[in-house]
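Derivation of every value follows stated rules applied to the coordinates shown; laboratory data play no part. On a predicted model such as this, the values are computed, not experimentally measured, just so you know. Every residue, glycine among them, receives a Cβ derived from its backbone with ideal geometry; neighbour counts consider all protein chains shown.
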Amino acid sequence: MNPWRRFRSLPRWKQVIAWVASPFVAFFVAAIVVAATGGGSRPSSDRDAATLTEAATTETTTPTTTPTRPTTTTPTRPTPTTTPTRPTPTTTTPTTTPTRPTPTTTTPTRPTPTTTAPTTPSPATGTALAALERLAVKGRAPKTGYSREQFGGGWATEAGCATRDRILQRDLVDRTYTSGSSCRLQSGTLHDPYTGETIRYVRRNGSNIDIDHVVALMDAWQKGAQQWSPAKRKMFANDPLNLLAVGAAVNRAKADSDAATWLPPRRSFRCEFVAIQIAVKYTYGLWVTGAERDAMSRILAACPNQRLPTGTTPPTTPQPTTPPPTTPPPTRPPPTTTSPSTTGYVHPGAFCSVPGSRGVTSKGASMVCKTSPTDNRLRWRRG
């Protein structure tokens with residue numbers, strides 16, 4: 001094998017040893033060569049002299065070739081290529097973030113405004129609102145025991161004139177009467193206060209007009225009337241203060257409702273409608289429910305000066321839109337209202353409806369329908 005290839009096939013560490021050992025080998029080889037060419041073991045001084053003589057002779061003779069000392073190549077030790085990297089010290093600069101002091105903001109305490117509730121002025125005397133404040137507020141009693149017969153069974157008749165005919169005379173215009181009667185209407189025109197409609201009344205077709213109890217009899221029964229005497233319930237059912245001539249359809253839609261569940265479709269009449277209900281309940285000592293009172297208050301808020309109706313004063317109705325007839329109807333004398341003494345006795349302290357009317361008790365004492373300084377409700381009192 002070629003020596004060089006053999007050297008290359010050696011491991012790296014053996015190659016390094018071979019390179020390190022080669023100068024020593026070369027040194028010994030050179031020493032051997034020098035010793036061989038020096039010619040024996042003469043002293044160095046003799047050898048030097050001989051050498052000088054030979055050199056001088058050589059300069060004059062043929063030049064001789066002085067053997068050249070072989071140059072020994074000292075193998076260089078391989079320098080490792082990996083220079084150890086000195087670790088650069090990592091100087092960590094402390095990042096000191098200055099802490100900004102949190103300002104302690106003191107929220108100024110806003111003084112609580114002392115809101116003084118506006119004082120609501122008391123309702124004026126004689127208004128529906130003033131009477132509403134005096135009504136008792138209770139729950140609705142059950143319907144147990146109610147019937148129309150509890151209130152007299154039908155319209156009362158006084159001096160030959162039924163209550164229905166009296167209300168028709170009061171509320172209708174353009175009236176005509178049946179032959180020979182000053183009570184029974186033959187025809188007339190109604191301006192319905194609940195709807196504002198104009199309804200023509202003809203006796204033979206009188207079912208299109210009803211007489212409504214503004215405070216329904218059932219409602220009165222559930223709010224105090226069941227505790228009354230039969231005479232008082234009959235008086236209530238025939239009291240003109242609680243009666244209105246209205247269209248049959250709207251009356252049947254109202255049925256037994258109170259102000260909390262039904263109000264007239266005609267909004268302009270609602271204040272007066274509620275005032276009539278309050279007047280009736282105040283006069284007869286009936287109570288209202290909480291929902292009913294709230295509904296009445298809402299309506300009267302738009303008309304706080306609505307007066308409380310008294311007696312038989314008819315409610316205002318819209319004026320007729322049709323022109324009056326050219327031929328005025330025959331003038332009939334108004335129905336004569338006889339005093340209660342002609343139809344029976346009155347009970348002292350009982351409610352009445354016509355101020356100033358007179359009557360007598362069963363013992364013959366004279367009584368007058370009037371109020372007193374401490375009670376503004378109409379009752380039969382000593383005259």
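Close amide H contacts of M367 (hydrogens built in the peptide plane, cut-off under 5 Å, sequence separation of 5 or more or a different chain): G359, V360, T361, G383. Say a paramagnetic label sat at a point 7 Å from the Cα of R148, along Cα to Cβ; which residues of the stretch 218-255 have their backbone N under 13 Å from it? The answer is 218, 252. Local charge sum around R203 (other residues, Cβ-Cβ under 13 Å, Lys/Arg +1, Asp/Glu -1)? Computed value for this residue: +4. Taking a ≥ b ≥ c as the square roots of the eigenvalues of the Cα gyration tensor, the stretch 128-322 is oblate, since a/c reaches 1.5 or more and a/b is not larger than b/c. Setting aside same-chain residues fewer than 8 positions from K143, which lysines have a Cα under 24 Å from its Cα? K143 reaches K223, K232, K234, K254, K281.
Once you have the Cα-Cα distance between S22 and V137, take 0.36 nm times their residue separation minus that, and quote the gain in nm to one decimal. The partial results should precede the final answer.
On the way: separation 115, 0.36 × 115 = 41.40 nm, distance 13.30 nm.
Roughly 28.1 nm would be gained on extension.
At an R0 of 30 angstrom, the distance between the Cβ atoms of S372 and A255 translates into a FRET efficiency of 0.25.
Neighbours of P265, meaning other residues whose beta-carbon lies under 11 angstrom from its beta-carbon, give a summed charge of +2 when Lys and Arg score +1 and Asp and Glu score -1. Remark: the Q186-R204 segment gains 5.7 nm on full extension, using 0.36 nm per residue and subtracting the alpha carbon distance. Computed from backbone phi, the HN-Hα couplings of the stretch 228-237 come to 7, 7, x, 5, 5, 5, 5, 4, 4, 5 Hz, rounded to whole numbers (Karplus: 6.51 cos²θ - 1.76 cosθ + 1.60, θ = phi - 60°; Gly and Pro given as x).
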